[in-house]
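Take a look at the structure set out below.
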Amino acid sequence: MWEAVEHWQWVETFSSTGWMYASVSVIHYLTMFWFIGSVAVVDLRVMGVAARKRNVAELAAQVFPWAWTGMVLALLSGFMMFLASAGDWAPDPVFHVKLLMITLSLVATLIVQWGAPRWALSAEIPAWAKVMALVCLLLWIGTILAASEIPAMEGLG
Amino acid sequence: MFELLVSFAKWLEGTPWGIGVRTSLWAYPFTQLIHFTGLSIWIGTNLALDLRLLGWGKHRETAAQLRDDLFAWNWIGFCVAVLGGFLLFSSTGSTFLVNVAFRWKLGVFVPLALTWHIVVQSKARTWGQTSDTPMIAKLSGLAEILLWICVITAAVEIPNY
């Protein structure tokens, strides 16, 4: 089934045209760094180790719209790269771990985004919120690790 | 000069960390992890300032405020990215040196983008006093984004050369 996807005409054009595939890879790396970096800054602020002078809610409101823009672009570009070799990616267990890590990281990110304006109201950020931010940061680092393991273990990507 | 670089790269390949990253199944992806984690923080904080200078996005903070908020972690991200990059280079440096895409990346685009970033970051304090930024700030922010796109493009092209 996934093999067939690779042979859709536009997918074949995309994967066999060097500059198209390269451009989408560049978009994937750029927007992934942009997204993870933006979320990391809010996580670090919640943990109390970055931008301590700035209100958590202010920083989150400034940064999150950028983060989600990057996220959407990273997902779209990643999906196109997936389609180009769908037959190899779909059954790959390390790729499944990567997708699971992305899902968990997104849930953690949503919790941090939901919490930021609430935590900003209290005199001190609750300890569980700091732990949540750390978990969110570690999950994203874990996602990068899962992504780096795919070429190392499977020779894919 | 190039001879010197090659012998330096060869020496790095023989160091314990160079051998370690090259030969261990686990070390290479972990080193990539260091490089990419640093890059995420570096690129994420760079783009935040550039986009704010461009006026693209929310105006909750001024560019000057954002610059100060992100300054420390911006450079922490840079150091982590350089550490990871140095370790990756140590594993097979001499093959990187003859790679055209790598030469463009490290020889041209990274020095340009980095210099530009330092200028933008130091000017952001004056450019970013008010919510709306001057035209020069917008153009400079845009230029920095384009320069980092050049760096990433060269990096993506390394395996193709």
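Just so it is clear, none of the values below were taken in a lab; they were calculated from the coordinates. In this text, all values refer to a predicted model and were calculated from it rather than measured experimentally. Here the Cβ positions follow ideal geometry from the backbone for every residue, glycine too, while neighbour counts run over all protein chains shown.
Scalar couplings 3J(HN,Hα) for region B:129-134, obtained by applying the Karplus form with A = 6.51, B = -1.76, C = 1.60 to θ = phi - 60°, are 5, 9, 4, 8, 9, x Hz; x denotes Gly and Pro. Taking each DSSP H run with n ≥ 4 as -39500 (n - 2.57) and averaging over every residue of chain B yields -27000 deg cm²/dmol at 222 nm.
The Rg/Rh ratio of chain B, with both radii computed over alpha carbons and Rh defined as the Kirkwood radius, is 1.05.
A helix-only calculation puts chain A at -28500 deg cm²/dmol for mean residue ellipticity at 222 nm, using -39500 (n - 2.57) for each DSSP H run of at least four residues, averaged over all residues.
On the basis of the beta-carbon distance and an R0 of 41 Å, A:Glu6 and B:Arg103 show a calculated FRET efficiency of 0.75. Mean Kyte-Doolittle hydropathy of 0.0 or higher plus an axial Cα length of 15 Å or more: which whole DSSP H helices in chain A meet both? Span-like helices here: A:18-47, A:56-84, A:93-119, A:127-154. In plain terms, the residue of B:Glu144, A:Glu58 with the fewest other Cβ atoms within 10 Å comes first and the most crowded comes last, giving A:Glu58, B:Glu144. Among the GluC sites (Glu not before Pro) found in region A:62-157, those both in a DSSP coil and sparsely packed, with 12 or fewer other Cβ atoms within 10 Å of their Cβ, are A:Glu124. Cut-off under 29 Å on the C-alpha distance; same-chain residues fewer than 8 positions from B:Lys105 excluded. Which lysines are left, in chain and number order? Within reach: A:Lys98, B:Lys10, B:Lys123, B:Lys138. Each of A:Val107 and B:Leu146 was given a label point 7 Å from its Cα along the Cα-to-Cβ line. The distance between the two points is 4.4 nm.
In chain A, the inverse of the mean reciprocal separation of distinct Cα atoms equals 16.9 Å; this is its Kirkwood hydrodynamic radius. Where the centre of each part is set by its Cα atoms, how far does region A:37-78 sit from region B:70-93, in angstrom? When both Cα centres are located, 21 Å separates them. Does a label point 7 Å from the Cα of B:Val119, set along Cα-to-beta-carbon, have any residues of region B:139-153 with amide nitrogen under 18 Å, and which are they? Residues B:139-151 qualify, since their backbone N sits under 18 Å from the label point. Taking a straight line from the alpha carbon of A:Lys130, these aspartates and glutamates sit under 20 Å away, with near neighbours fewer than eight places off in the same chain left out: A:Asp43, A:Glu58, B:Asp69. Ordering B:Asn99, B:Trp73, B:Thr31 by Cα displacement along the dipole of region B:2-156 toward the positive end leaves B:Asn99 in first place; charges were set at the Cβ atoms of Lys, Arg (+1) and Asp, Glu (-1).
Taking 4 °C and 1.567 mPa s as the conditions, I'd like the Stokes-Einstein D for the protein assembly as shown in µm²/s, using the Kirkwood hydrodynamic radius from alpha carbon pairs. This corresponds to a translational diffusion coefficient of 63 µm²/s.
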